[in-house]
Amino acid sequence: MQVIFLGSGAAFSPTAYNASILVDQTLLLDAGAPLCVHLPKVGVPLDRPAAVLISHFHADHCFNLALLIAARHELFPASPPLAILGPRGTEDWLRQLLDLAWGEKFRRAAWEHLALTVQELDEGRGAEVAGYRVRAFRMAHVSTWTCLGYLLEKDGVRLGYTGDSAPCPGLDALVDASNHVIAEMTYAEPGKIHLSRQEVEGLMRRHPAVRFILTHRGSDQPLDGAVLARDFLTLDLPL
Ligand SMILES: [Zn+2]
């Protein structure tokens, strides 16, 4: 399984782009990075990803989906279908996002042309998408929306992705089910809605068999025993 970080910074990072990770050129975990620039930069046409998994509705994780959808609609007359997976409310959210970004008429045309499908997941709900087994885990981030982490399984790799989360039982369950995990590490000191360095160290101690890859970085400071993501870092799993 190949992963490329199209963005590895926390929401307001002055040095790194917002969250998006490309898996096997097929599937995107979140859509916060400028995809219309970064996908071509890594040699992937905009019409190649078959699915986008949205962890939650904060802008730094998903607002660039509006540009990816519009570009596919405008530039790729024979674009293959696009599947969107996300928490409860994703279909309404996507409709509002596209209406606000491009207007209702454009949204309707793009939705039909791209054969957009939306699958809303929740804790323990699984799905098959583009050859991957996907399972959702409930994260503790903000109370405004349901926030999810995901487990992707293919060819013996069980890749966890936390999205944004504070420490919570769902986070430990996700890490426990994974053999590699892409975890956020936003804070230097423990805070409220994200993981701190110390909390990631605790997770690593509780799950010694799991390989940790750290993203949504609040700083460039490395952490012993973990891989620190940066924009355009490419990894072939298993590590
Ligand atoms: Zn967030």
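Values quoted throughout were computed directly from the atomic coordinates according to the rules given, and no laboratory measurement underlies them. These figures come from a predicted structure and were not determined experimentally. In this analysis, Cβ positions are derived from the backbone assuming ideal geometry, glycine residues included, and neighbour counts consider all displayed protein chains.
Before moving on, here are some points about what is shown:
- Counting neighbouring Cβ atoms within 10 Å and putting the fewest first, the residues 100, 114, 6 line up as 100, 114, 6.
- Highest-MSF residue in the chain out of 50, 130, 31 [GNM, Cα springs under 10 Å]: 130
- An oblate overall shape is assigned to region 46-135, the ratio a/c of its alpha-carbon gyration tensor axes (a ≥ b ≥ c) being 1.5 or greater and a/b not exceeding b/c.
- Per-residue HN-Hα couplings for region 41-48 [Karplus 6.51, -1.76, 1.60; θ = phi - 60°; Hz; x = Gly/Pro]: 4, 9, x, 10, x, 5, 8, 7
- Residue order, fewest to most beta carbons within 10 Å, for 182, 84: 84, 182
- Its relative contact order, with pairs defined as Cα atoms under 8 Å and 6+ residues apart, puts the chain at 19 percent.
- Between region 206-239 and region 128-165, the alpha-carbon centres lie 17 Å apart.
- Estimated inter-spin distance, residue 15 and residue 193, nm [label 7 Å along Cα→Cβ]: 2.4 nm
- About the Cα centre, charge dipole magnitude for region 2-236 (Lys/Arg +1, Asp/Glu -1 at Cβ), debye: 120 debye
- Per-pair calculated FRET efficiency, R0 = 41 Å: residue 239 and residue 78 via Cβ, rounded to 0.05: 0.65
- The chain, helix-only ellipticity at 222 nm - DSSP H runs n ≥ 4, -39,500 (n - 2.57), divided by all residues, nearest 500: -7500 deg cm²/dmol
- C-alpha center-to-center spacing [region 1-60, region 69-98] in angstrom: 15 Å
- Note that region 51-60 has calculated 3J(HN,Hα) couplings of 8, 10, 9, 9, 7, 6, 9, 5, 4, 6 Hz, one per residue in order, obtained from phi through the Karplus relation 6.51 cos²θ - 1.76 cosθ + 1.60 (θ = phi - 60°); glycine and proline are x.
- 11 Å reach of a label modelled at residue 232, 7 Å along Cα-to-Cβ, counting backbone N of region 40-76: 41-43
- This ranking places 62, 168 by how few other beta-carbon atoms lie within 10 Å of each, fewest first, which gives 168, 62.
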